[in-house]
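Presented below is the structure to which this report refers.
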Amino acid sequence: MIEMAITEQMKEIARVKAEEMGKLYNSITRGDGNVAGFLGEAMVAKYTGAAMTNTYDYDLLYLDYRAEYFIGLFLGNLAQLINTLPLFHQEI
């Protein structure tokens, strides 16, 4: 597990993107989980240097021009709201 601090900028990005998305049809949380999802994306983007793209097929795009060959990765993000840290052997 990688721990990182959540910045006010990340919170603001997540809040704005969640408002733009609105409620998804048949959402169990009626859109309340959108902020957590976008916050997770902002954290992964900061850690990896990826761009938040939010297309239908993927959430983040990582491009590496430094390598001898161009590297492009399409990343998806899954955030989960939990109230305790998982134990080392647990999958979430």
Being more than 13 Å from the chain's Cα centre (by Cα), of a type in the set (Ser, Thr, Tyr) and at pLDDT below 85 is the requirement here; does Tyr58 meet it?
no
Considering residues of the range 8-43 that are part of a helix (DSSP H, G or I) and of a type in the set (Asp, Glu) only, the residue surrounded by the most Cβ atoms within 10 Å (Cβ to Cβ)
Glu41
If you go through the range 1-36, how many residues are more than 15 Å from the chain's Cα centre (by Cα), polar (S, T, N, Q) and over 21 Å from Pro86 (Cβ atoms)?
2
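The values are calculated or read from the model by the stated rules, or taken from the named source; none is laboratory data. Treat the numbers as computed from the prediction; the structure is a model and nothing was measured. Every residue, glycine among them, receives a Cβ derived from its backbone with ideal geometry; neighbour counts consider all protein chains shown.
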